Amino acid sequence: MGAYNYISELYRKKQSDVMRYLLRIRCWQYRQLTKLHRVPRSTRPDKARRLGYRAKQGYVIYRICMRRGGRKRPVPKGCPYGKPKTSGAVKQQKPERNLQSIAEERAGRRLRGLRVLSSYWV
């Protein structure tokens, strides 16, 4: 089994001791960083190469942090004012697009000179 195959196998078994330890350490590390930051090398080289990344000039990798879960309705002080018919759910709303596409858009908006090739979960 090659190196890329080995890495992809590890990511399929996220409950294994190795992955649980690795993800816990990385989670702490990522919290210390800014929301959007450049990464010196890919976290998952197998996945990055499958999505079109090549380790050469012109390709850069950025990591972006996203809030997980549903969409919270933007109302002042957490309570909708006005008529009762408009005061529906504040926290039970679902976003139109998935988190991955929202993350790609945010990264593209911040890094205007670059194009988003693709993205993957870390």
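The values are calculated or read from the model by the stated rules, or taken from the named source; none is laboratory data. Nothing here was measured: the structure is a model prediction, and the numbers come from that model. Reconstructed Cβ throughout: ideal geometry from the backbone, glycine too, with neighbour counts over all protein chains shown. These accessible areas exclude ligands, DNA and RNA; they are computed on the full protein's heavy atoms, side chains included. Shrake-Rupley method; radii C 1.70, N 1.55, O 1.52, S 1.80 Å.
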Among the residues of the range 87-100, which ones are exposed (fewer than 13 other Cβ atoms within 10 Å of the Cβ) and either touching a strand residue (DSSP E or B) at 6+ places or on another chain (Cβ under 8 Å) or modelled with pLDDT of 85 or more (or both)? Gln93, Lys94, Pro95, Glu96, Arg97, Asn98
With the structure loaded, tell me whether Pro84 is free of Cβ contacts under 8 Å to residues at least 24 places away in the same chain, open to solvent by 90 Å² or more (accessible area, probe 1.4 Å) and over 23 Å from Cys27 (Cα atoms) or whether it fails that test. yes
Note down all Cβ pairs under 6 Å where the first residue falls in the range 106-122 and is open to solvent by less than 60 Å² (accessible area, probe 1.4 Å), the second is charged (D, E, K, R), and they're at least six residues apart or on different chains. Ser119/Glu104; Tyr120/Lys47
Selected residue [polar (S, T, N, Q), surrounded by 10 or more Cβ atoms within 10 Å (Cβ to Cβ) and either assigned to a strand (DSSP E or B) or more than 15 Å from the chain's Cα centre (by Cα) (or both)] from Ser42, Ser8: Ser8
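Anything in the range 61-81 that is within 17 Å of the chain's Cα centre (by Cα) and open to solvent by 60 Å² or more (accessible area, probe 1.4 Å)? List them, or say none. Steps first, please.
Within the range 61-81, the first condition is being within 17 Å of the chain's Cα centre (by Cα), and the residues that meet it are 61-71.
The answer is Tyr62, Cys65, Arg67, Arg68, Arg71.
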Is one or more of the residues making up the range 79-96 of a type in the set (Val, Ile, Thr) and more than 23 Å from Pro45 (Cα to Cα)? yes
